[in-house]
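Bear in mind that the values in this text are calculations on the coordinates, not laboratory data. Keep in mind that what you see is a predicted model, and the values were worked out from it rather than measured. Glycine also receives a Cβ, built like all others from the backbone with ideal geometry; neighbour counts cover every protein chain displayed.
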Amino acid sequence: MPDIVHEPLARAESLAAIPLPGAAELDGAIARALARIDRALPEFIDRFPAPSSEGLVYPAIGNIEWTNGFWTGMLWLAWELTGEARYCDAAKLQVRSFVERADKEINVAHHDMGFLYTPSACASWRLTGNVDAQRAGIAAARLLLKRYDPKARVIQAWGDLDDPAQAGRMIIDCNLNLPLLYWASEQTGDLDYRDAAEEHLTQAARYLVRPDASTFHTFHMDTLTGAPLYGTTHQGYSDDSCWARGQAWGIYGFALGFAHSGREDLVRLSASLANYYLNRLPDDLICYWDLIFTAGEEPRDTSAAAIAACGLLELIRHLPASDPARDLYARAAWGMIRQIDRHHLAPLEGSNGLLADGVYHMPNKVGVGECCIWGDYFYLEALVRMRRIWRAYW
Ligand code: GLY
């Protein structure tokens with residue numbers, strides 16, 4: 001892996017001053033999150049929230065998007081937190097639609113099989129022993145593995161495999177799809193899944209991460225020669241800026257990469273990305289939608305903040321106890337989550353979402369200042385991680 005700058009934390013003193021949460025404070029935040037889930041639940045049992053809301057209201061959709069797994073995952077989290085049957089019952093019904101989607105291969109020509117199946121079907125198998133869900137998860141991993149290009153050694157993110165514009169194009173978000181491949185190797189004993197994940201991680205670390213520890217959103221590889229070509233953005237401000245959510249996917253995904261592979265260089269990489277991210281936050285710790293903005297009126301992205309918080313909490317698990325950054329990362333994670341809890345929750349009346357002020361796709365002007373269903377999921381996951389001992393779905 002090339003040398004990556006590891007910036008010192010610029011705001012160490014102010015992070016150190018953030019108090020860590022007690023159980024009562026976390027329980028209050030969890031209760032406010034669950035109240036919003038309860039409000040949405042009757043509407044989303046055989047239907048799902050769309051990727052982002054419109055006027056803070058998610059339209060209802062079928063199981064057709066890359067994002068359906070997040071709502072089901074929230075229900076599993078809610079069930080783990082409370083033991084209340086209504087969450088488990090709804091999640092079980094939804095898992096049937098993931099089984100059907102895998103069987104019929106509905107809208108599966110993309111790499112988001114991990115986002116779809118890890119928090120839904122794989123969680124179902126782990127938590128309830130549902131063998132149909134296990135089978136669907138393995139089928140989803142098989143679809144993902146088909147997207148691995150052995151010459152470029154990356155998983156193609158988008159489009160048909162014969163689309164020359166998309167061949168060899170990887171994206172930083174894919175880091176969160178890789179745990180599905182590790183899981184499939186564990187379930188089946190077939191190491192091809194794991195090997196593809198490890199090759200992809202190596203290429204992502206080498207090419208999606210820039211020397212200053214910022215990230216490209218997407219990177220193009222030559223599938224004829226395997227040579228690296230160039231980085232571009234899809235949802236960021238510009239090709240050479242750093243899309244905030246991409247950086248958050250990187251922090252979390254490389255930390256998870258270590259959890260699955262044991263490759264220590266990935267812990268350091270995750271920490272370098274984390275410091276780059278933390279050093280570009282405004283004082284309230286909620287990032288702008290692209291880290292090129294550090295002040296002013298550009299929209300924030302609470303969904304990126306929630307992912308980054310989970311990434312920091314995963315990273316902490318893998319740093320030595322003697323590393324002073326652990327404490328600062330824990331305080332930073334809580335600082336972000338507390339800020340969302342206090343200032344960015346969607347209202348109980350007039351919304352069916354959890355987090356306001358997310359951004360889905362700024363260049364296309366979709367979901368700007370809205371709830372984003374992955375933001376809702378990772379916010380709840382962060383609270384679960386802080387409140388109890390939890391075995392990650394990823
Ligand atoms: N993975 C797509 C996104 O973060 O918008």
Calculate the spin-label point distance for residue 24 paired with residue 364, positioning each point 7 Å from the Cα along the beta-carbon direction, and give it in nanometres. 4.6 nm
Report, in cubic angstrom per residue, the convex hull volume of the C-alpha atoms of the stretch 97-156. 71 Å³
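Could you work out the Kirkwood radius for the stretch 340-394, taking every pair of different alpha carbons, averaging 1/r and inverting it, reported in Å? Kindly include the intermediate steps, with their values, before the conclusion.
Details: mean 1/r = 0.0810 Å⁻¹.
About 12.3 Å for the stretch 340-394.
Rounded to the nearest 20 Debye, what is the dipole magnitude of the stretch 84-183 about its Cα centre when Lys and Arg each give +1 and Asp and Glu each give -1 at the C-beta? If you can, show how the numbers build up before the last one.
On the way: 13 positive and 12 negative charges, 53 e Å.
Result for the stretch 84-183 is approximately 260 debye, rounded to the nearest 20.
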Taking only the alpha-carbon positions of the stretch 192-315 as identical scatterers, the Debye log10 I(q)/I(0) at q = 0.14 Å⁻¹ comes out as -0.58
Looking at the stretch 294-342 from every direction and averaging, what is the projected area of its Cα convex hull in nm²? 4.0 nm²
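Translational diffusion coefficient, Stokes-Einstein: compute it for the stretch 31-156 using the Kirkwood radius over C-alpha pairs as Rh, at 10 °C and 1.306 mPa s, and state it as an integer in µm² s⁻¹. Intermediate values should be presented prior to the final figure.
Values: Rh = 15.0 Å.
After rounding, the answer is 106 µm²/s.
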Taking only the alpha-carbon atoms of the stretch 164-220, the convex hull volume per residue, in cubic angstrom, is 80 Å³
Work out how far the C-alpha atoms of the chain reach from end to end along every principal axis, then list the three figures in whole Å, largest first. 55, 50, 41
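Enter the mean projected area of the convex hull around the alpha-carbon atoms of the stretch 257-311, in nm², rounded to one decimal. Mind dumping the intermediate values first?
Working: hull surface 16.0 nm².
Computing the convex hull of the Cα atoms and averaging its projections yields 4.0 nm².
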What fraction of the Cα pairs in the stretch 1-102, stated in percent, has a spacing above 17 angstrom? 63 percent
HN-Hα J couplings of the stretch 220-234 from phi, Karplus 6.51/-1.76/1.60, θ = phi - 60°, integer Hz, Gly and Pro as x? 9, 10, 7, 7, 8, 10, x, 6, x, 10, 7, x, 9, 10, 10
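For residue 16 and residue 146, calculate 0.36 nm times their separation in residues minus their Cα-Cα distance, and state this gained length in nm to one decimal.
On the way: separation 130, 0.36 × 130 = 46.80 nm, distance 4.58 nm.
Length gained, residue 16 through residue 146: 42.2 nm.
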For the stretch 241-281, report the translational diffusion coefficient in µm²/s to the nearest whole number, using Stokes-Einstein at 10 °C, 1.306 mPa s, and a Kirkwood Rh over Cα pairs. 157 µm²/s
Just from its helices, what would the mean residue ellipticity at 222 nm be for the chain, if runs of 4 or more DSSP H residues each count -39500 (n - 2.57) and the sum is divided by every residue, rounded to the nearest 500 deg cm²/dmol? -15500 deg cm²/dmol
Values of log10 I(q)/I(0), in the order q = 0.19, 0.28 Å⁻¹, for the stretch 1-52 under a Debye, Cα-only, solvent-free model: -0.79, -1.08
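Could you tell me the convex hull volume per residue, in Å³, taken over the Cα atoms of the stretch 266-356? Display every interim value, and only then the final one.
Working: hull volume 9.3 nm³, N = 91.
Taking the convex hull of the Cα positions in the stretch 266-356, it is 103 Å³ per residue.
Which value, in Å to one decimal place, does the Kirkwood hydrodynamic radius take for the stretch 187-236 when every pair of different Cα atoms is included?
Taking the inverse mean of 1/r over all distinct Cα pairs, the stretch 187-236 comes out at 12.4 Å.
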With only alpha-carbon atoms counted, please give the Rg and Dmax of the stretch 87-206, in Å. 14.1, 44
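Taking the Cα centre as origin and putting +1 on Lys and Arg beta-carbons and -1 on Asp and Glu beta-carbons, what dipole magnitude results for the stretch 266-331, to the nearest 20 debye? Provide the component values of the computation, followed by the final result.
Details: 6 positive and 9 negative charges, 72 e Å.
It works out to roughly 340 debye.
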